[in-house]
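In what follows, a single structure is set out as structure tokens and then discussed.
The values are calculated or read from the model by the stated rules, or taken from the named source; none is laboratory data. Everything numeric here is computed off the predicted structure, so don't read it as measured data. With ideal geometry, Cβ positions are generated from the backbone for all residues, glycine too; neighbour counts draw on all protein chains shown.
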């Protein structure tokens with residue numbers, strides 16, 4: 001009986017010691033965390049002062065995603081024997097110069113993707129990768145400060161595809177107006193005088209015109225998170241059929257060193273591109289007869305893309 005009492009007291013003591021040690025460790029951790037938060041706040045304040053100084057800011061981050069699969073005798077699907085794969089990546093780079101009386105903001109966005117579906121039971125089926133996503137955009141904005149938040153500015157922006165039909169179409173916007181910079185990382189460009197040059201072989205669909213250019217760009221880093229959002233639209237003075245917009249967004253979360261998880265998505269509306277695609281699908285010999293696509297009847301669906309995968313912060 002005495003042994004049982006002694007053993008019980010011993011185990012109770014051990015449990016009490018462990019519980020006490022655990023509580024002490026939690027308290028010590030909280031104290032260290034509070035101290036670390038204090039130093040981090042001081043470091044962030046110093047970084048804010050550094051960011052406000054004149055000079056160049058350069059950086060880049062991107063996302064790469066991919067998958068590979070192979071099926072053999074998987075009879076529940078249309079192609080029981082096949083291999084499929086997809087690969088895509090995005091790159092966002094910038095080089096910005098900030099001075100007391102002027103600024104220059106230069107940005108590059110590239111999003112490329114390939115897919116492959118090889119049906120092993122179809123000898124005519126291609127086993128090669130084909131282009132899936134193809135986005136290329138480069139821009140340069142220059143401004144002379146009038147106030148702390150407003151500047152007169154000039155913008156040149158070029159966008160096209162790289163893998164397929166390079167510069168067909170290609171768009172070059174050149175214009176002047178004003179830029180509003182309400183906070184450090186947000187720039188809103190409003191250029192009422194802008195010419196949208198369109199380069200394409202199909203002159204019957206693609207047409208250059210004069211209009212207004214509006215761009216909103218936000219690029220920031222919050223701890224381990226990189227974020228960039230860019231909205232660019234051209235509103236033609238000649239016809240709404242010649243107007244367009246593109247909105248791209250990129251997120252990157254660092255997990256280990258410079259490697260993390262990235263997510264990119266984009267939206268676009270361009271009636272000229274929709275009509276060009278519809279004309280490419282039109283078959284005048286089809287039965288029943290198809291309606292010839294025009295600006296008045298084309299279905300200008302919203303264009304979208306997204307990429308999820310590993311990210312790397314340069």
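When restricted to residues that are without any contact (Cβ under 8 Å) to a residue 40 or more places away in the chain, over 25 Å from residue 141 (Cα atoms) and touching a strand residue (DSSP E or B) at 6+ places or on another chain (Cβ under 6 Å), the range 55-82 contains 6.
For the range 277-305, filtered to residues that are exposed (fewer than 13 other Cβ atoms within 10 Å of the Cβ) and touching a residue at least 24 places away in the same chain (Cβ under 8 Å), the residue that is nearest to residue 111 (Cα to Cα) is 304. Among the residues of the range 134-146, is there at least one that is part of a loop (DSSP other than H, G, I, E, B), more than 16 Å from the chain's Cα centre (by Cα) and modelled with pLDDT of 95 or more? Yes: the range 134-146 contains one or more residues that are part of a loop (DSSP other than H, G, I, E, B), more than 16 Å from the chain's Cα centre (by Cα) and modelled with pLDDT of 95 or more.
Tell me whether the range 116-123 contains one or more residues that are free of Cβ contacts under 8 Å to residues at least 60 places away in the same chain, under 30 Å from residue 173 (Cα atoms) and not in a loop (DSSP other than H, G, I, E, B). Outline the logic, then answer.
To start, the set of residues in the range 116-123 that are free of Cβ contacts under 8 Å to residues at least 60 places away in the same chain comprises 116-123.
So of that shortlist, the ones also under 30 Å from residue 173 (Cα atoms) come out as none.
No, because not a single residue in the range 116-123 is free of Cβ contacts under 8 Å to residues at least 60 places away in the same chain, under 30 Å from residue 173 (Cα atoms) and not in a loop (DSSP other than H, G, I, E, B).
Would you call residue 175 in the same structural domain as residue 100 (by TED's automatic domain parsing), modelled with pLDDT under 95 and buried (at least 17 other Cβ atoms within 10 Å of the Cβ)? So residue 175 does not fit the description; no. Of the residues that make up the range 291-304, is at least one more than 30 Å from residue 39 (Cβ to Cβ), in the same structural domain as residue 179 (by TED's automatic domain parsing), assigned to a strand (DSSP E or B) and out of contact with any helix residue (DSSP H, G or I) (no Cβ under 7 Å at 6 or more places or on another chain)? Looking through the range 291-304, at least one residue is more than 30 Å from residue 39 (Cβ to Cβ), in the same structural domain as residue 179 (by TED's automatic domain parsing), assigned to a strand (DSSP E or B) and out of contact with any helix residue (DSSP H, G or I) (no Cβ under 7 Å at 6 or more places or on another chain).
Do we have any residue at all in the range 43-65 that's closer than 30 Å to residue 121 by Cβ, out of contact with any helix residue (DSSP H, G or I) (no Cβ under 8 Å at 6 or more places or on another chain), assigned by TED's automatic domain parsing to the domain that holds residue 222 and modelled with pLDDT of 65 or more? So that I can check it myself, show each step before the final result.
Residues of the range 43-65 that are closer than 30 Å to residue 121 by Cβ, as a first pass: 65.
Next, from what is left, pick out any that are out of contact with any helix residue (DSSP H, G or I) (no Cβ under 8 Å at 6 or more places or on another chain): 65.
Restricting the remaining residues to those that are assigned by TED's automatic domain parsing to the domain that holds residue 222 gives 65.
Within this subset, residues satisfying the condition of being modelled with pLDDT of 65 or more are 65.
Yes.
When residues in the range 241-266 are screened for being touching a helix residue (DSSP H, G or I) at 6+ places or on another chain (Cβ under 8 Å) and without any contact (Cβ under 8 Å) to a residue 24 or more places away in the chain, 0 of them pass.
Check the range 267-276 and report whether any residue there is under 13 Å from the mean Cα position of the chain (by Cα), free of Cβ contacts under 8 Å to residues at least 40 places away in the same chain and in the same structural domain as residue 109 (by TED's automatic domain parsing). Can you show your working first?
Taking the range 267-276 as the starting set, the residues that turn out to be under 13 Å from the mean Cα position of the chain (by Cα) are 267-268.
Still in the running and free of Cβ contacts under 8 Å to residues at least 40 places away in the same chain: 267-268.
Still in the list and also in the same structural domain as residue 109 (by TED's automatic domain parsing): 267-268.
Checking the range 267-276: at least one residue is under 13 Å from the mean Cα position of the chain (by Cα), free of Cβ contacts under 8 Å to residues at least 40 places away in the same chain and in the same structural domain as residue 109 (by TED's automatic domain parsing).
Consider the range 201-232 and keep the residues that are assigned to a strand (DSSP E or B) and loosely packed, with under 13 Cβ neighbours inside 10 Å. The one that is modelled with the lowest pLDDT is 222.
Could you look through the range 66-92, keep only residues that are at pLDDT 75 or above and not in a strand (DSSP E or B), and pick out the one that is farthest from residue 123 (Cα to Cα)?
To start, the set of residues in the range 66-92 that are at pLDDT 75 or above comprises 66-72, 74, 79-92.
Add one more test, that the residue is not in a strand (DSSP E or B), and what stays is 72, 74, 79-81.
Numbers: 72: 16, 74: 18, 79: 13, 80: 14, 81: 12 Å.
Of everything passing the filter in the range 66-92, 74 is farthest from residue 123 (Cα to Cα).
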